[in-house]
Amino acid sequence: EDSNIIYDDAEGLGTTMLPEVEELIQSEEHYVEQLNYLTSTIQPKLEKINGVDVRTLFCNVDEILQVAKLFLADLKNMECNGQYHLKQIGELFLNFSTDMQNTYSTYCWEYQRSLSLLEQYKESEIYLHIKELLHSGLSKPKCSDISFILVMPVQRITKYPLLLLSILKNCPPNGEEHVAIQNAYSAMQEVNQNINEYKRCKEAGSKYHRLKQQTLMEKVSSLSTGTISKKYKRLSHRIMYEAGIIPKREDKEFDGLVEHFQILESAVKTLKHNFASYVKNLEEFSAVQLDFYSLEVPDFSVFELQNFSQKLFPEYNRRLDLLVWQPLIKLLQCLKGPKNLIRKRMDKLLDYENLESKLQETGGKMTYEEEDIKNAYFGFHSRLLSELPQCIAFSYQLLFQLLRSFIGLQKELAQEGWRAAESLASQTPDCKLPEVDFRKKAEDVISNSLAQLTELTKKFEQQMPSPEVQDHDPAIVLQVQKLIKRHGHQKEIYQVMSNINGSRDMDLTLHRFEVVAVLQKSDTKGNTYRWLVDTAGGTRGFVTCNKLQPYQSLHTPKPSQNFLYPNETVEKRRHSLNPLERPQSIYSESQNMTPVFQIIAGYGFTARSDYEASLIAGEPVTVLEPHDKKGSTEWSLVEVRGQRGYVPSSYLLRVPVQNTYGFVVPTLK
């Protein structure tokens, strides 16, 4: 019997004095001592050196130290008269395996970045300051090299299985102690395997991120026959997905996470857009010069209010940018990483499914490259399943914090404005009036101002010349035909009657007499004075509706032509104080007739069978049924020149007319 082993069969304590256990305890004590010296002495001194990023350099070494301290304390508590319980040591490793895996996984992944940062320091004067500090200000000789400090956690986590294996070889067999140490050894091996898998997944994601930063020439130069073949297979597999030829792989858990992430990303983008509009409007408002002359207040109070406007708003904008805008931009940038991983995961899934199909057909075994395809997909998939929920939760926390900061800033601004307004109002002549009398006086002032504005508008309407009617221009007709081809007769065609300069996001800049198709008579906020339109060039955006008129070209007939020419009498343009009112026609409405709409042929069409009817561009058409016998709206049953038949619905146009001649679109020769 080995003299170094004491095994108490009577009491079943399973205590031991193995040198391997002593090595475990002593090395753990030394390890904790080194980490403690690092966090308490080295880090504070390095933080004083300008340009040293201590947090990136040492990552989460503070968390590792806390886990190591707790582990060492529990390990020492197992000592009994200089001996240790092997069973309890095994159980201790099992209890700490999860914490060790979480903390060391982060450090081992960031370890390479720490080394890269250290290499950058070596190329500058910063490293000279670090070496001087380590040699002169510190007493630990082994801490003279910073790389030795960085590698300690990596070496320690990989040494635990070796120490347990040494104990296991000298542990009494066929007992609870042997089983406990064996389980501990397996657990620590699994911890190291999981750490390696975590690193591999992170490296795959970071590699894809690096590829996204390549220039176009770098991407083209990196293409090869194998890469092109792989992308072709992905594309063909994706097409079969979308066409329903092959079923999609269902994963409710992952699909739910992706949907949740997409909602989050959309919310952050919308919030960014709204904040940008808010800040822009706030800057314009703060730049307005207020008129205080009619308030009859002392100059000192006026100075106070002007001072409030000139100083408070810049300070508010500065804090808004610091506490809300910049973090919001950073959050949106951070969401690009998970979005790229989700897209890359789909590529890896397509590669893996192509591999599965190939193996099912051939029945062969996987090669090394094919095994790598499989591992790449499962690596991306497992990483997203584990990290995407944390990313979503953290993003929502940050988003809520940004909103709370914004609300707090709004409250402070309102309070400052209220105090300034109270100070100014207290010195006005009407400050002592009862509330009812003050409201009545304010309403009278507003009513008088509105009456003056109305009178000014009437004078402006009388002196403003009527707009000229655009004669038929082949370029305008071509624009109309493009819009008809794109939208059919479902959308109304309007013409721009004065130049429009877009001043807001998504606003269009249009020239006079351009034609547009109205897609929606309101903007995204429900404002009906801004319409969503589509131009002939395919650009969509918002314009103010008071500068649009229904497009109609009224002509008088000539014997030699089938077209009508513009009516020479036009009514003067009407201006309205209400921007929500529907634009009035630029053409004569002297008879107060309600505009009548009719269907015309926008294009010529030649019948190909007895069931179809031929069309001449510009001729009126009677629609009998806006669909075919199967209910499809792509074809319409019409009557033209006494004949009935089906024609393409997209060839028809719904236009307004006010006289017996109708609306005619000439055919381009």
Only residues in the range 250-267 that are within 20 Å of Lys330 (Cβ to Cβ) count as the first member; pair them with residues that are outside any helix (DSSP H, G or I), Cβ under 9 angstrom, at least 6 apart or cross-chain, and list the lot. Phe261/Leu335; Leu264/Leu335; Glu265/Leu335
If you go through Gln410, Gln401, Gln415, the only one that is assigned by TED's automatic domain parsing to the domain that holds Asp255 and under 30 Å from Glu253 (Cβ atoms) is Gln401
Just a yes or no: is a residue in the range 411-431 closer than 29 Å to Leu355 by Cβ and part of a helix (DSSP H, G or I)? no
Output the number of residues of the range 263-282 satisfying the condition of being small (Gly, Ala, Ser) and under 12 Å from Val324 (Cβ atoms). 1
Within the group Leu349, Leu331, which residue is in contact (Cβ under 8 Å) with a residue 60 or more places away in the chain, touching a Ser or Thr at 6+ places or on another chain (Cβ under 8 Å) and in a helix (DSSP H, G or I)? Leu331
Residue match in the range 79-91 (condition: closer than 20 Å to His178 by Cα, crowded, with 20+ Cβ neighbours inside 10 Å and at pLDDT 90 or above): no
Output yes when any residue across the range 114-137 is under 26 Å from Gln66 (Cα atoms), in the same structural domain as Leu57 (by TED's automatic domain parsing) and among the basic types (Lys, Arg), and no when none is. no
Looking at the range 174-259, what helices (runs of 4 or more DSSP H) fall wholly within it and have at least 2 residues that are exposed (fewer than 10 other Cβ atoms within 10 Å of the Cβ) and at pLDDT below 85? 216-221, 225-243
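The values are calculated or read from the model by the stated rules, or taken from the named source; none is laboratory data. As the structure is a computational prediction, the values presented were derived from the model and not from experiment. Positions of Cβ are backbone-derived with ideal geometry, glycine not excepted, and every protein chain shown enters the neighbour counts.
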